[in-house]
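S.K.: Dumping the structure here so I can ask a few things about it.
What follows draws every value from the coordinates through simple rules; no lab data is involved. From a predicted model like this one, the values you see are computed outputs, not experimental measurements. FYI the Cβ positions are ideal-geometry reconstructions off the backbone, even for glycines, and counts take in every protein chain you see.
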Amino acid sequence: MRKTFLAGLLGASVVLGGCQAVNTTSGGSVGVERKQYMFSMLSTDQVNQMYAQSYQETLGEASSKGDLDKTSANAKRVQAIANRLIAQAPQFRPDAAQWQWEVNLIKSDELNANCGPGGKIFVYSGLIEQLKLTDDELAAVMGHEIAHALREHGREAMSKAYGVQMARQGAGALLGLGQDSLALADTVVQYSLTLPNSRSNENEADLIGLELSARAGYDPNAAITLWNKMSQASGGSQPEFMSTHPASSSRIASLQAAIPKVMPLYEQARK
């Protein structure tokens, strides 16, 4: 992601934008209704554009190393599962039907997956192979990541980072030298794209992901076996996915409590 691009875009957004309460998705059967606070001048399209550029750079790097997998059985599994999940995304926000979704598998030992703003999905082969994920468990991972994108948790984190920086520096500093803008851009990107999501955001992604998977015809109980596998994997060296998505007993308990709400959707999808 180019710093100069970010500096101009983020600096202008911070100075001109105000904060507004929004709800990026419908609540669904799982009842995610929390209001979110976003800078009005930091639009969904701007964030999607920023991430799309970063996504293409990552794709290019993987391709140059021969790590972009388009043909293996796992690549076909990832694409097929993504297609079914993406088809259900408009249940939570109709505009997701117009997103430029992309799905790619990268050959890597890393235990990781991500769906960035605008529906840009990466899955790393290590996650599938080392955890021996079933289709249902893979759908649970991907549904969770898609939910982060639908709820615009990245944009929300950027808005929060803006507020922190504005309080520290003052609005006047944002109109100063370019280095100030670059520092702001770096901080915003760190907060929004590399640091762990808040517990409330994680819970929302768990619940919406659970419903997406169920609507797509994947067993919601797989979310429990997935996180149990994640917990076991974190016993040794910390997987990348676990550094930003820590497992906990409360997470599993919350999922277990929500499964009865989405089980009828799963049963209907299986007919």
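S.K.: Shape of the range 45-97 from its Cα gyration tensor (a ≥ b ≥ c, root eigenvalues): rounded if a/c is under 1.5, otherwise prolate when a/b > b/c, or oblate?
M.R.: oblate
S.K.: Return the long-range amide H neighbours of N23 (sequence gap of 5 or more, or a different chain), with a cut-off of under 5 Å between placed amide H atoms.
M.R.: Here the answer is Q36, since their amide H atoms fall under 5 Å of that of N23.
S.K.: ³J(HN,Hα) across the range 27-32 via Karplus (A = 6.51, B = -1.76, C = 1.60, θ = phi - 60°), whole Hz, x for Gly/Pro?
M.R.: Going residue by residue, I get x, x, 5, 7, x, 8 Hz, with x marking Gly and Pro.
S.K.: For the range 198-205, take each phi angle, set θ = phi - 60°, evaluate the Karplus expression 6.51 cos²θ - 1.76 cosθ + 1.60, and give the result in whole Hz per residue in order, putting x for glycine and proline.
M.R.: Couplings: 5, 4, 5, 5, 4, 5, 4, 5 Hz.
S.K.: I've got another one for you. Excluding residues on the same chain fewer than 8 positions from K261, give the aspartates and glutamates whose Cα lies under 12 Å from its Cα.
M.R.: Counting by Cα, and skipping residues close in sequence, K261 has these aspartates and glutamates nearby: E211.
S.K.: For the range 54-65, what does the Karplus curve 6.51 cos²θ - 1.76 cosθ + 1.60, with θ = phi - 60°, yield as ³J(HN,Hα) per residue in whole Hz, taken in order and with x for Gly and Pro?
M.R.: Ordered by residue, 3J(HN,Hα) equals 5, 4, 5, 5, 5, 4, x, 5, 5, 5, 5, 8 Hz.
S.K.: Can you spot the lysines whose alpha carbon is less than 27 Å from K76's alpha carbon? Ignore those fewer than 8 places along the same chain.
M.R.: K65, K107, K120, K132, K229, K271
S.K.: Take each of the peptides 139-151, 64-76, average the number of other beta-carbon atoms within 10 Å over its residues, and list them starting from the highest.
M.R.: Output ranking for 139-151, 64-76: 139-151, 64-76.
S.K.: Moving to a separate point now. Whole angstrom only: what separates the Cα centroid of the range 52-72 from the Cα centroid of the range 138-154?
M.R.: Value for the Cα centre distance between the two parts: 20 Å.
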